[in-house]
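J.: Below you'll find the structure I mean.
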Amino acid sequence: MNYSETISWLFAKLPMYQRIGKEAYKADLTNTRELAAHLKYPERHFKSIHVAGTNGKGSTSHMLASVLQEAGYKVGLYTSPHLKDFRERIRINGKTIPKKTVSGFMQKHSAFFETRELSFFEMTVGLAFDYFRKEKVDIAVVEVGMGGRLDSTNIIIPEVSVITNIGLDHTQFLGNDLAKIASEKGGIIKQNIPVVIGETQTETLHVFKKIAEEKGAPIVFADKETHLEYESDLRGIYQKKNKKTVLATLRTLQKKGWNISEENIKRGLLSVIANTGLMGRWQQLKDMPKVICDTAHNKEGLEIVLAQLKEQSYNKLHIVMGVVNDKNLESVLSLFPKEAIYYFCKPNVPRGLPEEILQKEAALFQLHGEVYVSVVLAYKEALKNATINDLIYVGGSTFVVAEVL
């Protein structure tokens, strides 16, 4: 199989939570452990940082990778989901995994995958860890896919574990209150391995302290630490919180002997996009009219993004919006501004919520606009209608943003 055939096979054969939802979720690490054994335990051959959390884990992972690259290390980066190309998930020093490596790995191990009925996540983690071992990375920044305790990535013993924050997302898998979700994400805390918690929250504080104490894991709450101010090329106001998490993590690494200077930190935080290829975080796509897209898709993320949107100067606000069908609509629609002109659409994934349903639900919150059969058509119509002093915001789902990049 060539690369395009490999990717088609992969998406067709393996259940994937991003596309189809709950059916792809396996609350068990047995397959992952069997795969690791089959691959001769690649995760034991490189150092790592493990990053979990409801919001900010992608940005935090990319910032950490960027700083470590500036410090001269060969840095693996595993994140999800991808926006345009599967290979975005697996990078070394910002460069995506080669197509031939993806194809070769799939062909070599396809019989094992099919016999064990591995999930998309399990297979992708195996590919990433195998690649990082073969390329002899100094350290890999590994982002949790969902949750933590039972996530496929949770076979590594990292230098430091990181949990950015806890919000009510993926409640059908992780629990319906913050303490339960914290317990799942706290499952990445390992015996005697330091853990950095990004945000101190009343509902989760005791959960993390208890797990850390049981594991003998030194714990740091990043928002309670004093940090120097650093600028970043990531412009979302929510990045202020993520930066604190990154700085606390870097301090922990420095204490463990990693050679990271203040200049490395400064340059790394200013060059995240150039160093790592991060997209979709308060990203400006056009000027006149200004077009902003952001992958925020839950209550906690959207609250901050929409507050930043309110601070912008514009004549009229146009919002291209689509969501997935397992989203708690009430919690997110109530946040959106009533004065905007809406362009309702369905992201092109099986989980996408039909645009007519979104329009009907949005009307209950006095959000009004037309429906469009695709994200691209909705975006084109917004561009056609907007004047040079207007602002267009594209969001509601990672998959909506992916279609306009």
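The values are calculated or read from the model by the stated rules, or taken from the named source; none is laboratory data. Nothing here was measured: the structure is a model prediction, and the numbers come from that model. Please note: Cβ atoms are built from the backbone with ideal geometry, for glycine as well, and neighbour counts cover all protein chains shown. We work out accessible area using only protein heavy atoms, side chains counted, and drop any ligands, DNA or RNA first. Shrake-Rupley method; radii C 1.70, N 1.55, O 1.52, S 1.80 Å.
J.: Hey, does the range 217-235 have a residue that's closer than 25 Å to residue 388 by Cβ, surrounded by 14 or more Cβ atoms within 10 Å (Cβ to Cβ) and in contact with an Asp or Glu (Cβ under 7 Å, 6 or more places away or on another chain)?
T.: No.
J.: If I filter the range 312-326 for residues that are modelled with pLDDT under 95, over 30 Å from residue 65 (Cα atoms) and of a type in the set (A, V, I, L, M), do I get at least one hit? It would help to see each step written out before you state the result.
T.: Residues of the range 312-326 that are modelled with pLDDT under 95, as a first pass: 324-326.
If we keep only those that are over 30 Å from residue 65 (Cα atoms) too, we end up with 325-326.
This time we only want the ones that are of a type in the set (A, V, I, L, M), so: none.
Checked against the condition, which is being modelled with pLDDT under 95, over 30 Å from residue 65 (Cα atoms) and of a type in the set (A, V, I, L, M), the range 312-326 yields no hits at all.
To keep it simple, each residue is scored yes or no on (1) among the polar types (S, T, N, Q); (2) open to solvent by 30 Å² or more (accessible area, probe 1.4 Å); (3) over 30 Å from residue 261 (Cβ atoms).
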{"position": "33", "(1), (2), (3)": "no, yes, yes"}
{"position": "48", "(1), (2), (3)": "yes, no, no"}
{"position": "68", "(1), (2), (3)": "no, no, no"}
{"position": "77", "(1), (2), (3)": "no, no, no"}
{"position": "105", "(1), (2), (3)": "no, no, yes"}
{"position": "126", "(1), (2), (3)": "no, no, yes"}
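J.: Sticking with this one: Can you confirm whether the range 333-340 contains a residue that is in contact (Cβ under 8 Å) with a residue 60 or more places away in the chain, within 25 Å of residue 315 (Cα to Cα), open to solvent by 10 Å² or more (accessible area, probe 1.4 Å) and assigned to a loop (DSSP other than H, G, I, E, B)?
T.: Step one: of the range 333-340, the residues in contact (Cβ under 8 Å) with a residue 60 or more places away in the chain are none.
Checked against the condition, which is being in contact (Cβ under 8 Å) with a residue 60 or more places away in the chain, within 25 Å of residue 315 (Cα to Cα), open to solvent by 10 Å² or more (accessible area, probe 1.4 Å) and assigned to a loop (DSSP other than H, G, I, E, B), the range 333-340 yields no hits at all.
J.: What are the pairs with Cβ atoms under 6 angstrom where one residue, in the range 267-279, is of a type in the set (D, E, K, R) and the other, located anywhere, is modelled with pLDDT of 95 or more and part of a helix (DSSP H, G or I)? Sequence gap at least six, or different chains.
T.: The qualifying pairs are 267/70.
J.: Now, a different point. Restricting attention to the range 346-354, does a residue exist that is closer than 16 Å to residue 393 by Cα and either touching a helix residue (DSSP H, G or I) at 6+ places or on another chain (Cβ under 7 Å) or without any contact (Cβ under 8 Å) to a residue 12 or more places away in the chain (or both)? Explain how you work it out, then say what you get.
T.: To start, the set of residues in the range 346-354 that are closer than 16 Å to residue 393 by Cα comprises 346-347.
Those left that are additionally either touching a helix residue (DSSP H, G or I) at 6+ places or on another chain (Cβ under 7 Å) or without any contact (Cβ under 8 Å) to a residue 12 or more places away in the chain (or both): 346-347.
Yes.
J.: Restricting attention to the range 212-239, and to residues there that are in contact with a helix residue (DSSP H, G or I) (Cβ under 7 Å, 6 or more places away or on another chain) and of a type in the set (Gly, Ala, Ser), which single residue is farthest from residue 395 (Cα to Cα)?
T.: Here is the first cut: in the range 212-239, the residues in contact with a helix residue (DSSP H, G or I) (Cβ under 7 Å, 6 or more places away or on another chain) are 219-220, 222-223, 225, 227, 230-234, 236-239.
This time we only want the ones that are of a type in the set (Gly, Ala, Ser), so: 222, 232, 236.
Values: 222: 29, 232: 22, 236: 14 Å.
My answer is 222.
J.: Need the failing condition index for residue 140 against (1) modelled with pLDDT of 95 or more; (2) surrounded by fewer than 24 Cβ atoms within 10 Å (Cβ to Cβ), just the number.
T.: Evaluating residue 140 over (1) modelled with pLDDT of 95 or more; (2) surrounded by fewer than 24 Cβ atoms within 10 Å (Cβ to Cβ) leaves (2) as the failure.
J.: Output the residues belonging to the range 343-377 that are of a type in the set (Gly, Ala, Ser) and within 21 Å of residue 81 (Cβ to Cβ). Before you say what the answer is, go through the steps one by one.
T.: First, pick out the residues of the range 343-377 that are of a type in the set (Gly, Ala, Ser): 352, 362-363, 369, 374.
If the condition is that a residue be of a type in the set (Gly, Ala, Ser) and within 21 Å of residue 81 (Cβ to Cβ), then 352, 374 are the ones that fit.
J.: Which residues, taken from the range 299-321, are surrounded by fewer than 18 Cβ atoms within 10 Å (Cβ to Cβ), of a type in the set (Gly, Ala, Ser) and in a helix (DSSP H, G or I)?
T.: Listed by number, the list holds a single entry, 307.
J.: Give the range 79-103 a look and list any residue that's open to solvent by 40 Å² or more (accessible area, probe 1.4 Å) and on the phi > 0 side of the Ramachandran plot, or say none.
T.: Selection gives 93 alone.
J.: Is there a residue in the range 351-371 that is within 27 Å of residue 235 (Cβ to Cβ), among the β-branched types (Val, Ile, Thr), part of a helix (DSSP H, G or I) and at pLDDT 95 or above?
T.: no
J.: If you don't mind, there's one more thing I want to ask. Can residue 243 be described as surrounded by fewer than 18 Cβ atoms within 10 Å (Cβ to Cβ) and modelled with pLDDT of 95 or more?
T.: Working: surrounded by fewer than 18 Cβ atoms within 10 Å (Cβ to Cβ): no; modelled with pLDDT of 95 or more: yes.
No, not satisfied.
J.: Right, here's the next one. Every residue in the range 372-405 that is within 26 Å of the chain's Cα centre (by Cα) and part of a loop (DSSP other than H, G, I, E, B), please.
T.: The answer is 374, 396, 397, 403, 404, 405.
J.: Considering each of 298, 315 in turn, give the residue that is over 20 Å from the mean Cα position of the chain (by Cα) and polar (S, T, N, Q).
T.: Values: 298 fails: over 20 Å from the mean Cα position of the chain (by Cα).
Unique residue meeting the criteria: 315.
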